[in-house]
1. Give me the extension gain from Lys184 to Lys205: residue separation times 0.36 nm, minus the current Cα-Cα distance, reported in nm with one decimal.
2. Assuming a viscosity of 1.567 mPa s and a temperature of 4 °C, what translational diffusion coefficient in µm² per second does Stokes-Einstein assign to region 154-217, Rh being the Kirkwood radius over Cα pairs?
Amino acid sequence: MLKPEKMNASYSIEVNKSLYEEIRINEIWNKEGRAHYSDRYEEGYMWSELYCQSNAEPFDKWACNFQMSFQDGTGTPESFFERHFSEEIVRRKALIWLYPDYAGMAAGQEDWKQDPRISWLYYKRSFDAVFPVLCEMGKTRLELKLEARLDDGKALELVYSTGTGGSVFLDGRHIVDVYFYDEKYKTQSASVQLEVGEPENVDGKNVSEIYGMHSLSELLKGLEMVAGKAKPICH
């Protein structure tokens, strides 16, 4: 089984210069595969930092640790981060940190709804709905680097960016590029099961697609499967 060692990730959402959020993760796993900052990795949790700016003047920025779920994605690494952004606890705490005067007001939530600077932070469902639009406009972006180790001791690394996909390295050697099947716009009745497509030559690149990836543990399993398919091609 593929064991994670390190993960650095930054997922940002920039509606405009005055509306900005970013989740940052810097996670380390021990030799037993347990996350350094959390004892609940098996449930898909790890610590993350959320940075938020929703008013240009003054520059409001804050950071706080949250338990971030890496379960129930919709098929891409971005979906885990989007799901975390949409959680009610993140939305409400962000508002209270940025605008503490609202916290003690009985009508605070109504003010949040009406204030154009921060209403986008309040509406959970409507904010979820704009993710695909923001992504198409290039306003959301994930930069991720995941380091892990196979049972045979070989180091496996994923370097991933929104829009360009990922590259997988084995002991420092580039073996294959990967893309993820995005179920967000699909209408199937059930989630796709984890599966890895055969490597194909696409525009001169050796590419595999990962289907049905809905959790961090499935991402690790998918990378292990990719390595197994790619190694014979590279020898």
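Please treat every number below as a calculation from the coordinates, not as lab data. No experiment lies behind these values; they were computed from the predicted model shown.
1. 5.0 nm
2. Taking Rh from Cα pairs, D becomes 100 µm²/s.
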